[in-house]
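Values quoted throughout were computed directly from the atomic coordinates according to the rules given, and no laboratory measurement underlies them. Everything numeric in this text was worked out from a predicted model, so none of it was measured. Positions of Cβ are backbone-derived with ideal geometry, glycine not excepted, and every protein chain shown enters the neighbour counts.
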Amino acid sequence: MTNFTKEDVLKSVKENNIKSIHLWFVDIMGLLKYFVISPNELNGAFLEGMGFDGSSINGFCRIDSSDLVAKPDSSTFTLVPSHSNQYFGRMFCDIFNPDGTPFAGDSRYILKKNLEKASKLGYKCYVGPELEYFYFKNSQGTEVLDEGEYFDLPPLDMGSDLREDTILNLERMGIPVEYSHHEVAPSQHEIDLRYQEALPMADAAVTYRQTVKEIAMKHGVYATFMPKPIFGMNGSGMHVHQSLFIGNKNAFFEATDNYGLSDVGKSYIAGLLKHAPEMSAIVCQWVNSYKRLVPGYEAPAYIAWARRNRSCLVRVPMYKPGKEVATRCELRCPDPACNPYLAFAIMLSAGLKGIEEKYVLQEPIEEDIFAMSSEKLNNLNIKSMPGTLGEAVEIFSQSSLAKECVGDHIFHNFIDLKQKEWKEYCRHVTNWEQNRCLPIL
């Protein structure tokens, strides 16, 4: 996030001869929405906002109370290269009711509220998501561009030029990239954004997804963040590294602890583990998300933590002397198709609940959970994540933590939208059913 003020934005638009400004926000599902204004309307947008029909946005408003106002956040201003090698301005918006109060269905506002709660306790929340995705020949199928594997070079990695073009555009927009590489599955890729505070990171994640897709389109291919597009191959995750800071001090670190974790860090992780089933509908929000959360493909299906074991839900990277600020936990179940604002909010809410109620963190599990028998899982009290969206939504609907985190508006609208998706999926006749049943029934 920049430190741009309204005056800075107006000056930059004039100096760079910008002809249009794109104003962005997301719906409840995290899908990007935008509209365009001219420089002449910019000052008015800052002062009064721009009105729009909220009833036309999924999960926002009823038709009888549909007026909403979008106000640009000057700190998110950036110049974006267009297809014609020109630039346009871009800002994220906060959504308000006509009376000037924050709109309860604005997920960016929900993240802000949870960050304010953390701030009152003395904490700043930092996150670092790892968003994976696939390149396909087009949007009509899953024909891959290459047969590359983890960390492969060109020509096995046919997406390297697309990634480099994407990184160049992200960095032009002020989004620092840590590194990128080919992932495990054919035509699967990852670009990691540099760790930062949760709100600008959520903005960056939305920008990242849009940039990946636009650069792919520019090169004549299709990019997707669908969690599990191909049967029998690894799905795409969004592992989220997270930590809390008090000033410049990492609140998760304790030098005298065997794991390098403070009591705050341990209770935060315990909160993530305890409330993981309640969070699942938010961080894994699509029917397809649960095709990824199965044993055997590096995606966590069981609720436990470890340091080196990647079959666990939460991993705590090993502490390195002199790198205390890097102490963090990594939640491995989210996927890149979630709403990052709500995802970061509910992770933080679960972690803070653990801190406030002093949850006790159990010992780590440093062996392959996928290879354990049911009896051993029971003996170690290792529980499973929800197996379907239907199960996840039912657990979410009973969660007081989730309702407090996202507020009544998003809580009820999210449940309604997801129940409809699940019922529609359950009624759908799939190719698998036809291929299996038609020849024998």
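Points worth noting:
- A full extension of the chain between Cys426 and Met318 corresponds to an added length of 34.6 nm, given 0.36 nm per residue minus the alpha carbon distance.
- The range 132-173-the range 371-415 distance, computed between alpha-carbon centres (Å): 33
- Remark: the range 303-348 projects, on average over all directions, an area of 4.0 nm² (convex hull of Cα atoms).
- Each Lys or Arg adds one and each Asp or Glu takes one away; over the other residues whose Cβ falls under 11 Å from the Cβ of Lys358, this sums to -1.
- Highest mean packing first, where packing is the average number of other Cβ atoms within 10 Å per residue, the peptides 23-35, 265-277 line up as 265-277, 23-35.
- With a cut-off of 17 Å on the backbone N, the residues of the range 318-351 near the modelled label site 7 Å out from Phe245 along Cα-Cβ are 322-329.
- The sum of -39500 (n - 2.57) across all DSSP H runs of n ≥ 4, divided by the residue count of the chain, sets its helix-only mean residue ellipticity at 222 nm to -11000 deg cm²/dmol.
- Over 16 Å [Cα-Cα, the range 53-163], rounded percent: 77
- Calculated FRET efficiency, Met217 to Lys113, Cβ-Cβ distance, R0 = 35 Å: about 0.50 to the nearest 0.05.
- Most to least packed among 101-113, 327-339, 417-429 [average Cβ atoms within 10 Å]: 327-339, 101-113, 417-429
- Exceeding the 23 Å Cα-Cα cut-off - candidates Lys33/Lys418; Lys124/Lys228; Lys137/Lys418: Lys124/Lys228; Lys137/Lys418
- Choice from Ser374, Ser280, Ser119 showing the highest fluctuation, given a GNM over the chain with Cα pairs closer than 10 Å: Ser374
- Summing charges over neighbours of Leu380, with a neighbour being any other residue whose Cβ is under 14 Å away from its Cβ, gives -3 when K and R count +1 and D and E count -1.
- Highest mean packing comes first when the peptides 202-214, 354-366 are listed by Cβ atoms within 10 Å, giving 202-214, 354-366.
- Additional length obtainable on full extension of the chain from Lys137 to Leu380, 0.36 nm per residue less Cα span: 83.0 nm
- The range 294-347 and the range 227-266 have Cα centres spaced 5 Å apart.
- The chain: relative contact order in percent, alpha carbon pairs under 8 Å with at least 6 residues between: 15
- Across the range 285-353, the relative contact order, built from alpha-carbon pairs under 8 Å that are at least six residues apart, equals 22 percent.
- Among Asn413, Asn248, Asn43, the largest mean-square fluctuation in a Gaussian network model of the chain (Cα springs under 10 Å) belongs to Asn248.
- Partner aspartates and glutamates for Lys383 [C-alpha distance under 19 Å; skip if fewer than 8 residues away on the same chain]: Glu278, Glu298, Glu330, Glu363, Glu366, Glu367, Asp368, Glu375, Glu391, Glu394
- In sequence order, calculated HN-Hα J values of the range 335-342 (Karplus, 6.51, -1.76, 1.60; Hz; x Gly/Pro): 10, x, 8, 7, 7, x, 5, 6
- In the structure shown, the pairs Lys113/Lys353; Lys291/Lys423; Lys249/Lys274 are assessed against 19 Å; a Cα-Cα span above that value is assigned to Lys249/Lys274.
- Scaled against the 2.2 N^0.38 Å expected of a compact globular protein of N residues, the Cα radius of gyration of the range 6-103 reads 1.11.
- Mean-square fluctuations from a GNM of the chain, with a 10 angstrom spring cutoff on Cα atoms, peak among Asn378, Asn16, Asn97 at Asn378.
- Label zone (Leu438, point 7 Å along Cα-to-C-beta; backbone nitrogen cut-off 20 Å) within the range 135-174: 141-142.
- Across all Cα atoms of the range 254-386, the radius of gyration (one decimal) and Dmax (whole number) stand at 14.6, 44 Å.
- Cross-link partners of Lys71 among aspartates and glutamates, defined as those whose alpha carbon lies under 18 angstrom from its own and excluding same-chain residues fewer than eight positions apart: Glu7, Asp8, Asp27, Glu41, Glu48, Asp53, Asp94, Asp99, Asp106, Asp203.
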